[in-house]
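Contents: one structure, followed by commentary.
The values are calculated or read from the model by the stated rules, or taken from the named source; none is laboratory data. Computed from a predicted model, the values in this text were never measured in an experiment. Note that each Cβ is placed from the backbone with ideal geometry, even for glycine, and that neighbours are counted across all protein chains shown. What goes into the accessible areas is simple: the full protein's heavy atoms, side chains included, and nothing from ligands, DNA or RNA. Shrake-Rupley method; radii C 1.70, N 1.55, O 1.52, S 1.80 Å.
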Protein chains: 2
Amino acid sequence: MNKINKEISITFPDGTIIKKPYGITGLNIAADISSSLAKQSVAIEVNSELIDLSRSIIEDASINIIKRNSDQALELIRHDCAHVMAEAVQLLFPGTQVTIGPAIENGFYYDFAAPKPFTLDDLEKIEKQMLKIIEKDTPFVRDVWNRDDAIDYFKSKGEIYKAEIIEDLPEQEELSIYSQGDWLDLCKGPHLPSTKHIGTSFKLMKVAGAYWRGDEKNEMLTRIYGTCWRTDKELRKYLNMLVEAEKRDHRKIGKEMKIFTFDEEVGPGLPLWLPNGTILIEEIEKLAKETEELGGYDRVKTPHITKGSLYEKSGHLSHYKDSMFPAMDIDGNEYYLKPMNCPHHHKIYASSPRTYKELPIRLAEYGTCYRYEKSGQLFGLMRVRSMQMNDAHIYCTEEQFKKEFLDVCKMYLKYFDIFGIEKYEMRLSLHDPDKLGEKYVDEPKLWLKTEDLVREALEDGKLNYVEIPGEAAFYGPKIDVQVWSAIGKEFTLATNQVDFAIPEKFGLSYTDNKNKSHTPLCIHRAPLGTHERFIGFLIEHFAGNFPLWLMPVQMVIIPISDKFNDYAQSIYDELKKHKIRVNIDTRSEKMGAKIRTAEISKIPIMIILGEKEVQDKTISIRRKFHGNIGTTQLSEFISLILEEINERKKTKSK
Amino acid sequence: MNKINKEISITFPDGTIIKKPYGITGLNIAADISSSLAKQSVAIEVNSELIDLSRSIIEDASINIIKRNSDQALELIRHDCAHVMAEAVQLLFPGTQVTIGPAIENGFYYDFAAPKPFTLDDLEKIEKQMLKIIEKDTPFVRDVWNRDDAIDYFKSKGEIYKAEIIEDLPEQEELSIYSQGDWLDLCKGPHLPSTKHIGTSFKLMKVAGAYWRGDEKNEMLTRIYGTCWRTDKELRKYLNMLVEAEKRDHRKIGKEMKIFTFDEEVGPGLPLWLPNGTILIEEIEKLAKETEELGGYDRVKTPHITKGSLYEKSGHLSHYKDSMFPAMDIDGNEYYLKPMNCPHHHKIYASSPRTYKELPIRLAEYGTCYRYEKSGQLFGLMRVRSMQMNDAHIYCTEEQFKKEFLDVCKMYLKYFDIFGIEKYEMRLSLHDPDKLGEKYVDEPKLWLKTEDLVREALEDGKLNYVEIPGEAAFYGPKIDVQVWSAIGKEFTLATNQVDFAIPEKFGLSYTDNKNKSHTPLCIHRAPLGTHERFIGFLIEHFAGNFPLWLMPVQMVIIPISDKFNDYAQSIYDELKKHKIRVNIDTRSEKMGAKIRTAEISKIPIMIILGEKEVQDKTISIRRKFHGNIGTTQLSEFISLILEEINERKKTKSK
């Protein structure tokens, strides 16, 4: 028995290498260090693969012990929680078949084929049953089954879906089965050591329909969503965030503040921007234009439709047709609504011969694009069919690329600062060298070079970024920008892409100082994303209490009785002269009612005018989150307010 | 012979009534006044109908003698010129058939079925032949023919088209034939007394193809266009205008100044606005927004597509479908590109319940609309398929209507003043009381009332207008606004409409102070028309020398040698701080070359910097149309320039 005496080298994260017996488990390794570490450990990473703590290690390996309080453990906890929920459901509702149940952001779900839909009461019962299972502290045990035995087993149990999943797996794939006590499931794993490691910081959230294998032609299954966290504190924080998010729901506030509306006769996913929403759009566009003007951008305007042949050239029609609206036949040509502005900008670049002296050329347009989304996918401003995009394309030489890219990144930071976005992450998606020529343009040197340049730019700009290998676009590395709202909800804001391939396809070129022709690089960028998604984000982020410069109605004048209306009007006229967005409330209502009306509309500043103000030729100011802030001269007030507006100061909220 | 002694009453324009013998002709009446009047007269209006001077008057009549120098005569001269041209063509090119030949703006045309196309040399020959015919001074003689005889006659002459025209005429219609010597043509008349009255102030302009009866399924005929005037002075003025218009052709200047481009792969009629054009657009929009802000408008934004059902409701699909792009099927609904913004604005009005206190509501949007024009009809920016419209809809009560309408008219005058448009005309199209319920909404009182209000508004505003009965839109009176460019070419700028009908169809309402529901009136207005047509007009109007506030590049800094580049850069930075659109020309070229480059781009101001300027810390200014205008301090220059820009002053041209 040679193997028993064999030793393997275990490399720890700090670089230490220790010989360990062949077949040692993660738990053994942890216990060798300390019993408290053994208690805290839930899994182990072996040569970058996460496995059960109880599995034997049978080769030299770099390892990393995963503690329950780590981020990696959280996904395991959620996945195990899904298994425990499935067991509980089958205990309580015999005849229910299991299908799949992954961990997802904030929790997990499991799809069941249930004889009847679950109610909210059912969810409570299931939760209780789950707590019992967890309390028993049953170990998760991994086993490898023969394929045919597995199919027979699940069929005999009436688990048709599970049997079908196994039948569809590749023949060579190892079939691992995880059991917790009597209950078992086909699962790749890994899992926690036992059910108690899951903890009790979970909650079942809702029931929804879901098609088997996501295909609407298949049967409808019942999905239960749960949220699950490492600690009660995390759970509470998440649930509070949800409550707050519901209060800040952009659809609700959008309606209350008359920002946008939808109309069945216009069509779903096609927002109509009301006057207040149009002010938001115009203020954001003004900011973008000023920023881009400083950045040396030129503005262009292009039509919303174009011949199909242009989208054949750009590759949109072959890769993206499902997300495009259907064609219109005009004079024997197919025309499409544009899903992206790129080809039009490329055409403008190509409209003149270009020399190196003109580069970089930065073409910006808040262009409206149209994309087909299934009606079930539409969601307020977050998923729409028409979108106004803060688009621009930068055409530059390789030498200019790094500076241009960094400038784009700095533009993000400027916007984050203006909008008080404190948490963000840039996800740099890189190519996979093994897939050059297939998934990625076959330009190995250019990939490495631009990826290096992008990385350097991110480092130079001290930007918060992570690298994600094998997720680049076909034609170059890209950066997905994630931001978190004031209440901690994550949003995908925008994507920046580097493009080697399309400029060549469009025959774009410039001549260098020796009159030699080159193809420029192209950066696609849209730091403010689309108006739709960005305003949806801002509504939640500010709960509708936008900073003053952005606020559709910045102030309201409230004369406390009719006899002060003339004075009120004179104040109004003066404010209007300075282009301040002010209303006047001369209704014959009590002051309290007028203040309430203003509060409901979230108007940040109220100017209250009565006997004293008229006599002293002053105004009294009431400011949201600050209450009465005193009496002042109008001219003084105007200069302070204009400073706040023109400098786009952040609102001091409570 | 009773008739011979019978007398009829002839009422002259000044109200004088004189008894004249039955059967008297216009020529006799003129001769009775003076022989010089008889010489000058060319036709007579009898009870509002224009007839030949030689025709007998056989009833009491109000008359108006038409002199050759009158505007009414001009149309006759042009029409007769067409007849003479047809005779000349048939003389010179036997086997050519005649079809039709009307007078048109600036001249006339005649469509021929010719064995072979005419060349420019042919036109010269035809002109010479026409002069001969005119010189002979042959009288135009009217005759009435029997229908079958006429058909037989023209068939026997091989005039198939003419015979076909007669065959298609209603049986009861009197067939008048006009002859000049041996040549004759079917014609309603009237005509001048003789060919010499045509004069010689005409010129044949060009040859074009034209389908028989305007239908592209029919044979292609050959059309000859001519221009024709009362005097050589008028003719010269027109020909000079054409030369000037060609120099100012918006397509030519648009290309030279890099304002817009078209691309075959994007599609015809879909302009791509280059950076300079986008500056024009943004400056015009800024002007519109400021003006509308002062006018109490709210801005909105709406999508470019919508369900067909909305355009069924608005009536566009039943009346306007040929001008719309074809439908796109989305989820089983037909969606269309919007040809007009109205239905979307109506939907925004309808998105909240409205009370009389909110009215008038003025919703403005520079909305891009799409209309199908045949590709042969497309012409630069003047006829396009995508158009950005200075649109707004005003919803008001009947009481508010007149003021609102007048305010719209005043807005036009403001724009005319800013753009130096000195000649304009508003054409007020009224309803026809006989066609109520058919061609016009059956609201007799509302028609009269709103027409009166519109008329009053036009009078109050001292606007230059003419009334055109029976040309109103279905749902209310409308005003077509014609403007003339600096070189005297006429453009249709925009249409304003009053709308009784659509607000009701869309169920728009407001409650009055007794909580009773009413339908608002709606004014459709677009004083600046579309960016496409308006910018096309402005290019011609200014020959590209836009006023400073509108000019894409307002100035260029020209250091006269490389050693002044640093100083130039400091001037550039300072100007940029004030958002002045300035370029800097640091090429290693001679000053003369730099000045020429600036002149070609029509840059209005050049800042020339040399030794002296650097030493004195000054700048030297050269201004288009004014040459060198001296040396100044930068700060002084900036304040003057900002005043010129911010007040949108007119350019002082030569």
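Here are some notes:
- Lone qualifier among B:Glu398, B:Glu404, B:Glu365 - being touching a strand residue (DSSP E or B) at 6+ places or on another chain (Cβ under 8 Å), surrounded by fewer than 16 Cβ atoms within 10 Å (Cβ to Cβ) and of a type in the set (D, E, K, R): B:Glu398
- The single condition among (1) of a type outside the set (Lys, Arg); (2) assigned to a loop (DSSP other than H, G, I, E, B); (3) touching a residue at least 12 places away in the same chain (Cβ under 8 Å) that A:Ser352 does not satisfy is (3).
- Across region B:246-272, the qualifying residues are those that are in contact (Cβ under 8 Å) with a residue 40 or more places away in the chain and out of contact with any Gly (no Cβ under 9 Å at 6 or more places or on another chain), and the one among them that is farthest from the other protein chains (Cβ to nearest Cβ) is B:Lys247.
- In region B:334-350, the residues that are among the hydroxyl-bearing types (Ser, Thr, Tyr) and facing chain A (nearest Cβ under 8 Å): B:Tyr335
- Residue within region A:37-45 that is free of Cβ contacts under 8 Å to residues at least 24 places away in the same chain and in a helix (DSSP H, G or I) present: yes
- Residues satisfying the stated conditions in region A:373-417, i.e. over 20 Å from the mean Cα position of the chain (by Cα), of a type in the set (A, V, I, L, M) and outside any helix (DSSP H, G or I): A:Ala392, A:Ile394
- Residues that are among the hydrophobic types (A, V, I, L, M, F, W, C) and loosely packed, with under 14 Cβ neighbours inside 10 Å do not occur anywhere in region B:251-259.
- Any hit, region A:415-424, residues being in contact with an Asp or Glu (Cβ under 7 Å, 6 or more places away or on another chain) and either surrounded by fewer than 16 Cβ atoms within 10 Å (Cβ to Cβ) or farther than 17 Å from A:Leu493 by Cα (or both): no
- Some residue of region B:56-68 being closer than 25 Å to B:Glu234 by Cα, in contact with a strand residue (DSSP E or B) (Cβ under 9 Å, 6 or more places away or on another chain) and not in a strand (DSSP E or B): yes
- Residue in region B:93-104 that is under 13 Å from B:Phe202 (Cα atoms) and of a type in the set (A, V, I, L, M, F, W, C) present: yes
- Here A:Asp562 meets each of (1) touching a strand residue (DSSP E or B) at 6+ places or on another chain (Cβ under 7 Å); (2) more than 28 Å from A:Arg248 (Cβ to Cβ) with one exception, condition (1).
- Any hit, region B:6-21, residues being hydrophobic (A, V, I, L, M, F, W, C) and in contact (Cβ under 8 Å) with a residue 60 or more places away in the chain: no
- Region B:273-328: number of residues that are open to solvent by 10 Å² or more (accessible area, probe 1.4 Å), within 11 Å of chain A (Cβ to nearest Cβ), touching a residue at least 60 places away in the same chain (Cβ under 8 Å) and of a type outside the set (Lys, Arg): 10
- Sole residue being farther than 21 Å from A:Leu53 by Cα and surrounded by 19 or more Cβ atoms within 10 Å (Cβ to Cβ), chosen from A:Gly209, A:Gly226, A:Gly214: A:Gly226
- Here A:Arg455 meets each of (1) charged (D, E, K, R); (2) in contact with a strand residue (DSSP E or B) (Cβ under 9 Å, 6 or more places away or on another chain); (3) open to solvent by 50 Å² or more (accessible area, probe 1.4 Å); (4) more than 17 Å from A:Leu521 (Cβ to Cβ) with one exception, condition (4).
- Residue in region A:4-24 that is crowded, with 17+ Cβ neighbours inside 10 Å, under 21 Å from A:Arg230 (Cβ atoms) and touching a Ser or Thr at 6+ places or on another chain (Cβ under 9 Å) present: no
- Residue in region B:103-126 that is closer than 30 Å to B:Tyr22 by Cβ and outside any strand (DSSP E or B) present: no
- Scope region B:565-579; condition of a type in the set (Gly, Ala, Ser) and either surrounded by fewer than 12 Cβ atoms within 10 Å (Cβ to Cβ) or out of contact with any Pro (no Cβ under 6 Å at 6 or more places or on another chain) (or both); matching residues: B:Ser570
- Those strands (runs of 3 or more DSSP E) of region B:418-504 in which at least 2 residues are in contact with a Ser or Thr (Cβ under 6 Å, 6 or more places away or on another chain), considering only elements entirely within it, cover B:478-484.
- Meets criteria (in contact with a strand residue (DSSP E or B) (Cβ under 7 Å, 6 or more places away or on another chain) and modelled with pLDDT of 95 or more) for A:Lys301: yes
- All positions within region B:370-390 that are more than 10 Å from chain A (Cβ to nearest Cβ), touching a Pro at 6+ places or on another chain (Cβ under 9 Å) and crowded, with 18+ Cβ neighbours inside 10 Å: B:Arg371, B:Gly380, B:Leu381, B:Asn390
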